[in-house]
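The values are calculated or read from the model by the stated rules, or taken from the named source; none is laboratory data. This one's a predicted model, so the numbers in the text were calculated from it and none came from an experiment. Here Cβ is always computed from backbone atoms with ideal geometry, including for glycine, and neighbour counts include all displayed protein chains.
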Amino acid sequence: MAYQTQTYRSRPIRASLPGQVTLGTFAAAFFSFALVSDWAYVQTTVLMWRDFASWMLFAGLVCGGVAVVLWLIGLAVYRQRQAWGQALMSAAILALALINSLVHAGDGWSAIMPLGLGLSLVTVVLIVVTGTLRRFASQPTYPA
């Protein structure tokens, strides 16, 4: 009596350039800390928190921008099929963060409430959704 062993197929790993994933993760952390800083400003009205949020948004945009450049270079070099849904979500995150940064350039309370806090929240929710999609896309597929 022979028994069968089940094997699984994993999806092909998409090659990335060194630093691309790290910079993307840093950008997500900076955008999340911008939300925390916005919330702290709403609770305390101390201008330091508004400045922190602006700095976090700037740092997140720089890290995200460099990660996009590395992604484009990797796309040209490796010529593999990319996950365009995740790429579009990441572009939407960077666009929202840029708009949020422009909103934060305003003065005082009107720079944060309600639009700045809302944009920060939507940005972080999109980051969580994109991370979840990436997680599910990298899991191996098992035969039925």
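Before moving on, here are some points about what is shown:
- If you check GLY131, GLY85, GLY74, GLY60 for being under 20 Å from LEU17 (Cα atoms) and either at pLDDT 90 or above or touching a Phe, Trp or Tyr at 6+ places or on another chain (Cβ under 9 Å) (or both), only one passes: GLY60.
- Restricting segment 22-33 to residues that are of a type in the set (A, V, I, L, M) and touching a residue at least 40 places away in the same chain (Cβ under 8 Å), the residue that is farthest from ALA95 (Cα to Cα): LEU23
- Residue check, ALA111 at pLDDT 80 or above and either outside any loop (DSSP other than H, G, I, E, B) or of a type outside the set (Gly, Ala, Ser) (or both): no
- Looking across segment 39-63 at every residue that is without any contact (Cβ under 8 Å) to a residue 40 or more places away in the chain and among the small types (Gly, Ala, Ser), the one that is farthest from LEU96 (Cα to Cα) is identified as ALA40.
- Matching residues, segment 112-126, being under 29 Å from VAL69 (Cβ atoms), surrounded by 18 or more Cβ atoms within 10 Å (Cβ to Cβ) and over 11 Å from the mean Cα position of the chain (by Cα): GLY116, LEU119, SER120
- The sole residue among LEU96, LEU72, LEU102, LEU88 that is under 17 Å from THR130 (Cα atoms), loosely packed, with under 14 Cβ neighbours inside 10 Å and not small (Gly, Ala, Ser) is LEU88.
- Restricting VAL36, VAL66, VAL103 to residues that are free of Cβ contacts under 8 Å to residues at least 12 places away in the same chain and part of a helix (DSSP H, G or I) narrows the list to VAL36.
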